[in-house]
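Here's the structure we're looking at; comments come further down.
The values are calculated or read from the model by the stated rules, or taken from the named source; none is laboratory data. Everything quoted here is computed from the prediction, not taken from an experiment. Backbone-built Cβ (ideal geometry, glycine too); neighbour counts: all protein chains shown. Only protein heavy atoms, including side chains, enter the accessible area calculation; ligands, DNA and RNA are left aside. Shrake-Rupley method; radii C 1.70, N 1.55, O 1.52, S 1.80 Å.
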Amino acid sequence: MTKIIAIASGKGGVGKTTTAINLGCALSHFGKDVVVVDGNIATPHIALHLGSVKLESTLNDALLGKKSITNTAYLHPSGLRVIPASIALKDYQQCGLEKLRNVLLDLIGTTEIVLLDIGAGANKETVNALHAADEVLIITTPDTLAVGDAIKTIAIAEEGSIPVMGAVLNRVTNDRGELSQKNVEALLGKPVLGIIPDDHHVRRALTMKQPIVHSHPEAPAAIAYKKLAAFLLGQQYEPFSPSKEDGKEKGVVMQLLEKFGF
Ligand SMILES: Nc1ncnc2c1ncn2[C@@H]1O[C@H](COP(=O)(O)OP(=O)(O)OP(=O)(O)O)[C@@H](O)[C@H]1O
Ligand SMILES: [Mg+2]
């Protein structure tokens, strides 16, 4: 059964697209079949994050009834399957946003998880995209503005009877001014399911047009996304420490094998 999960926030710029791409990549790492769809039709960023700006087919074609949504999917070199939206203004002005849920329903049975990256705020388009999902994952940074806006997003989802799974705290630095996990959970009335550190590798991956989980798999944010994916799937995840990776702390078995020339 396919599940459509909206990646949502009240405040803009808190890391929804970064999370959609990297959680998608991390869920694929654990063997799940995932498609990331750009449901932020007014200001789409998936193509910009992943470096494919000139596209033959987009979600907009499906919304216009020109193509089936299944014919608008791309395989990114990282192995991630994505359905981008068009960045051209005319494609946005023409397409029928209200058809989003129906168009997404054509993905049912073609994949296990659809991660729907959506716009911020409480405007008509965001509400429509939120209500096109089966469940919602809230992304917020640990500050009062983002959490305050997230409370509204949760209310909008619940008004549409869309269950909110919980929240992901992004760009965590553990500075004293930040809201704690407990505070965020109390304010939102939802559990924090994952904590993603503020990590300079995220910007590097963006420059490389890659999910950080793919380009920098041992970076702190990549490990945190894999932990989040494992948690959502009910699996255990034990990351390798960098020292083990570069061979300074190899296990006894590896050391023995190497000694005997394997
Ligand atoms: N964990 C992180 N560490 C460092 N930088 C991050 C992290 N997460 C996101 N960023 C950076 O923050 C910026 C905004 O991220 P992103 O585009 O994912 O946010 P968004 O919520 O999708 O924004 P919008 O509301 O505009 O769609 C990007 O430059 C991204 O690289
Ligand atoms: Mg975005």
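Tabulated data for the structure shown
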read-out: Antiparallel content of DSSP bridges confined to the chain, in %, to 5; value: 5 percent
read-out: 0 to 90° range, to nearest 10: angle between helix 16-29 axis and the chain longest Cα axis; value: 50 degrees
read-out: Label-point separation in nm, Glu135 to Thr70, each point 7 Å along Cα→Cβ; value: 2.5 nm
read-out: Largest-first ellipsoid semi-axes for the chain, taking √(5λ) over the Cα gyration tensor eigenvalues, angstrom; value: 32, 23, 16
read-out: Segment Lys3-Gln235, length gained on full extension (0.36 nm per residue, minus Cα span); value: 81.7 nm
read-out: Percentage of interatomic Cα-Cα distances in the range 4-95 larger than 23 Å; value: 21 percent
read-out: The range 1-90: trypsin sites (Lys or Arg not before Pro) falling in loop per DSSP and having at most 11 other Cβ within 10 Å; value: Lys54
read-out: Residue order for Phe30, Phe240 - accessible surface, 1.4 angstrom probe, largest first; value: Phe240, Phe30
read-out: Per-residue [θ]222 nm for the chain (sum of -39500 (n - 2.57) over DSSP H runs n ≥ 4, rounded to 500); value: -11000 deg cm²/dmol
read-out: Percent carbon-and-sulfur accessible area, the range 3-259, ignoring ligands, DNA and RNA, probe 1.4 Å; value: 53 percent
read-out: Cα→Cβ-extended label distance, 7 Å offset, between Asn174 and Phe30, nm; value: 2.3 nm
read-out: Spacing of the two label points (7 Å from each Cα toward its C-beta) at Ala186 and Leu48, in nm; value: 3.7 nm
read-out: Unsatisfied cross-links (Cα-Cα over 18 Å) in the set Lys32/Lys190; Lys3/Lys66; Lys11/Lys152; Lys16/Lys54; Lys66/Lys124; Lys3/Lys67; value: Lys32/Lys190; Lys3/Lys66; Lys16/Lys54; Lys66/Lys124; Lys3/Lys67
read-out: Only Lys, Arg (+1) and Asp, Glu (-1) charged, at Cβ; the range 3-259 dipole about Cα centre in debye; value: 300 debye
